[in-house]
Amino acid sequence: MRQPRGKSGCNDYYFPLVISGPSWEWDQTRAATSTELMCVDDAGDPDAELAALEMRYLDVLSSVDSYEIEGDVLTLRGPDLELRYTRLIEADS
């Protein structure tokens, strides 16, 4: 099992993942986790709009059911969904 992680705006997230060929699925026996920082604006005040956007992003990620890696581009796909990520720096080995 691999645990993909990233930043969702205000927080870091981690998903338990089972990879099988070009497809994957979230390990339903383990919960996705994230840090629980409050989304704030530039003045340090709570930002409900940013918090809602972050929750939508995490919801979309949980519907991903396949992926493709081509060069430095990772494409995630799900029902009516395609997300593309480009690696900008070398990952730690």
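Only a single item in (1) modelled with pLDDT of 70 or more; (2) open to solvent by 50 Å² or more (accessible area, probe 1.4 Å); (3) acidic (Asp, Glu); (4) not in a loop (DSSP other than H, G, I, E, B) is not met by Glu36, and it is number (4). Scanning region 45-93 for residues that are at pLDDT 85 or above, of a type outside the set (A, V, I, L, M), closer than 19 Å to Lys7 by Cβ and not in a strand (DSSP E or B) turns up Asp47, Glu49, Glu54, Arg56, Tyr57. Among the residues of region 57-88, those identified as loosely packed, with under 10 Cβ neighbours inside 10 Å and either under 21 Å from Cys10 (Cα atoms) or in contact (Cβ under 8 Å) with a residue 60 or more places away in the chain (or both) are Asp59, Thr86, Leu88.
Taken over region 40-56, the criterion of being touching a residue at least 12 places away in the same chain (Cβ under 8 Å) and open to solvent by 60 Å² or more (accessible area, probe 1.4 Å) is satisfied by Val40, Leu53. Within region 1-24, residues that are modelled with pLDDT of 85 or more reach partners that are among the acidic types (Asp, Glu) with beta carbons closer than 7 Å, at six or more positions or on different chains, in the pairs Ser8/Glu54; Gly9/Glu54; Cys10/Glu54; Asn11/Glu36; Asn11/Glu54.
The values are calculated or read from the model by the stated rules, or taken from the named source; none is laboratory data. It should be emphasised that the depicted structure is a prediction, and the values quoted were computed from it without experimental measurement. Glycine also receives a Cβ, built like all others from the backbone with ideal geometry; neighbour counts cover every protein chain displayed. Please note that ligands, DNA and RNA were not included when accessible areas were found on the heavy atoms of the full protein model with its side chains. Shrake-Rupley method; radii C 1.70, N 1.55, O 1.52, S 1.80 Å.
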